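Read the structure below first, then the notes.
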Amino acid sequence: MATRLTFHGGAGTGTGSNFLLDTGGTKILVDCGFFQGAMDGEEAKNKEKFPYNPKEVEALFITHAHLDHTGRIPLLVREGFRGTIYSTAPTKDLAELILRDGIDVHGREEGGRDGFYTHADVDRALSLWRAIPYHEEVVLGGGVTAELKNTGHILGSAMVECMRGGKTIVFTGDLGNTPDPILPDAEPLTRADYLVMEAVYGDRPHEDKETRREKLEDIIEEAVRAKGVLLIPAFSIERTQEMLFEIKTMVDERRIPHLPVFLDSPLAIRATGVYQKYRGFLKKSVGEGDAIFSFPGLTQTLTRDESSRIEKTPNPKIIIAGSGMSNGGRIVFHEKKYLADPTTILFLVGYQAPGATGRALEEGAREVDILGSRVRVRAQVKKVSGYSSHADMEGLLQFAVGVADTVKTVFVINSEPKTGAFFAQRLRDYVGIRAEAPQEGDSVELEF
């Protein structure tokens, strides 16, 4: 039987990663993520049954902890998956935080009921979960072996390299935007017969690291001069820690005035603790001790009562909160309060999916719906892509060049349709690689 790869999510869209490799001797899943964004009923897909039998799957490899790569794991277990889940140890810990946080979020969205899964479903998933280090060989059925390699995207992120009979297929997961201030660079890839490759930013470059740092410094100083509020919607994992580390560096070097900084996200606060726990996964240059993300003026607001008191602190101030796309979390309460104020600056530091409130703000909306109200937008909206934890177009191309001599096909995934098509064409034109941009549900036969 020929090996078949089917794209059950994360193809033709940036979210919902879910790829099934069926060799005839074993079935392997890579990622099992939530669909996110309000366009074309994307999130409604999360309630649909899987188009394959989870009971037949031997192993699930998780590339990293973000919800669009992990969010449907409890549902997979609920539908009968009893294989082994593999990831790095930080990914396991971070995924548990995200999945348990999701119970509260989606329960509220469903009117107080368990919207998608329960704590018992998460417990069952964790009982099947095995944390492994980078480069440890995992022996699977049908003569397949697999190992994880660092991608520099978030703490513990990995690509999955599957091997059989001298052939290799690599699932990149999300590739990091290197050099990162706190994470090691992604490992280069020198050989693959097939490459399943993300391209979130496959059609555009990022600012360089010095430019992005200067922009952040300038924006903080502008907020101070205006005596306004700087709102930073940030993903709880990686983006938040990167923001804290950058601001700490500016404070330590006395490059910005002293002002209150609030980390107003329980998930981000707990995730930062995981970053502290797994210091060995960070760059050695980050430093030692317990204060790598702490500095004078920083307040972590874990409870709702603490969060509600932020407004009593006089301006100027910085509020960092989730969600990163402004489609939930505490940031929406702050946006509802402050977006109508022209002294407010909303600083977007990450990808904004189509249909998300953050995308509307990025595109210049003068009014947005927040918590059932129409909110006028008089705040300045600024964006920098250099803080993305995803590689940009040039970084992606350079990564693919490493396998140009061996790869038969590159499958471009985790991107909006136009971006995926553009990057696939770029690979064909500039690297001379056969590249395709599959859509959800597409299936291909591989010589593997």
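Taking residue 200 as the residue in question, decide whether it is in contact (Cβ under 8 Å) with a residue 24 or more places away in the chain and not assigned by TED's automatic domain parsing to the domain that holds residue 431.
It is false that residue 200 is in contact (Cβ under 8 Å) with a residue 24 or more places away in the chain and not assigned by TED's automatic domain parsing to the domain that holds residue 431.
Just to be sure I understand the filter: pairs with C-beta atoms under 7 Å, separated by 6 or more residues or on different chains, first member in the range 212-230 and modelled with pLDDT of 95 or more, second member hydroxyl-bearing (Ser, Thr, Tyr). Which pairs pass?
Taking only residues 6 or more apart or on different chains, the pairs are 226/343; 227/343; 228/343; 228/344; 229/338; 229/344.
One line per residue, one yes/no per condition, for (1) in contact with a His (Cβ under 9 Å, 6 or more places away or on another chain); (2) assigned to a helix (DSSP H, G or I); (3) of a type in the set (Val, Ile, Thr):
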position	(1), (2), (3)
352	no, no, no
355	no, no, no
368	no, no, yes
375	no, no, yes
396	yes, yes, no
415	no, no, no
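Residue 420 is checked against (1) touching an Asp or Glu at 6+ places or on another chain (Cβ under 7 Å); (2) within 22 Å of residue 19 (Cα to Cα); (3) crowded, with 20+ Cβ neighbours inside 10 Å and fails just one. What number does that condition carry?
So residue 420 meets the others, but not (1).
Could you grab the pairs with beta carbons closer than 6 Å, sequence gap of 6+ or different chains, first residue in the range 266-277 and in contact (Cβ under 8 Å) with a residue 40 or more places away in the chain, second one surrounded by fewer than 16 Cβ atoms within 10 Å (Cβ to Cβ) and of a type in the set (A, V, I, L, M, F, W, C)?
These pairs meet every condition: 266/302.
Right, residue 336: farther than 22 Å from residue 246 by Cα and touching a Leu at 6+ places or on another chain (Cβ under 6 Å) or not?
Judged against the criteria, residue 336 is a match.
Can you find even one residue in the range 329-336 that is in a loop (DSSP other than H, G, I, E, B) and either out of contact with any strand residue (DSSP E or B) (no Cβ under 7 Å at 6 or more places or on another chain) or more than 23 Å from residue 391 (Cα to Cα) (or both)?
Scanning the range 329-336, I find at least one residue that is in a loop (DSSP other than H, G, I, E, B) and either out of contact with any strand residue (DSSP E or B) (no Cβ under 7 Å at 6 or more places or on another chain) or more than 23 Å from residue 391 (Cα to Cα) (or both), so the answer is yes.
Find all pairs meeting these conditions: Cβ atoms under 7 angstrom apart; at least six residues apart or on different chains; first residue within the range 80-98 and within 23 Å of residue 54 (Cβ to Cβ) and surrounded by fewer than 24 Cβ atoms within 10 Å (Cβ to Cβ); second residue basic (Lys, Arg) and modelled with pLDDT of 95 or more.
From residues that are within 23 Å of residue 54 (Cβ to Cβ) and surrounded by fewer than 24 Cβ atoms within 10 Å (Cβ to Cβ), the pairs are 80/55; 82/55; 84/130.
So in the range 228-268, with the set limited to residues that are touching a Phe, Trp or Tyr at 6+ places or on another chain (Cβ under 8 Å) and of a type in the set (Lys, Arg), which one is surrounded by the most Cβ atoms within 10 Å (Cβ to Cβ)?
Checked the range 228-268; the qualifying residue surrounded by the most Cβ atoms within 10 Å (Cβ to Cβ) is 239.
Looking at 35, 81, which is the one that is at pLDDT below 95 and not in a helix (DSSP H, G or I)?
35
Check the range 384-398 and report whether any residue there is farther than 14 Å from residue 231 by Cβ, of a type in the set (Asp, Glu), without any contact (Cβ under 8 Å) to a residue 24 or more places away in the chain and surrounded by fewer than 16 Cβ atoms within 10 Å (Cβ to Cβ).
Checked the range 384-398: no residue is farther than 14 Å from residue 231 by Cβ, of a type in the set (Asp, Glu), without any contact (Cβ under 8 Å) to a residue 24 or more places away in the chain and surrounded by fewer than 16 Cβ atoms within 10 Å (Cβ to Cβ).
When you scan the range 84-108, how many residues do you find that are among the acidic types (Asp, Glu) and at pLDDT below 95?
The qualifying residues number 2.
Can you pull out the residues in the range 138-180 that are in a loop (DSSP other than H, G, I, E, B), small (Gly, Ala, Ser) and either on the phi > 0 side of the Ramachandran plot or surrounded by fewer than 19 Cβ atoms within 10 Å (Cβ to Cβ) (or both)?
Selection gives 152, 156, 165, 166, 173.
Report, by residue number, each residue of the range 240-288 that is part of a helix (DSSP H, G or I) and modelled with pLDDT under 90.
284, 285, 286
The values are calculated or read from the model by the stated rules, or taken from the named source; none is laboratory data. Model, not experiment: these values are computed from the prediction. Neighbour counts run over all protein chains shown; Cβ positions are idealised from the backbone, glycine included.
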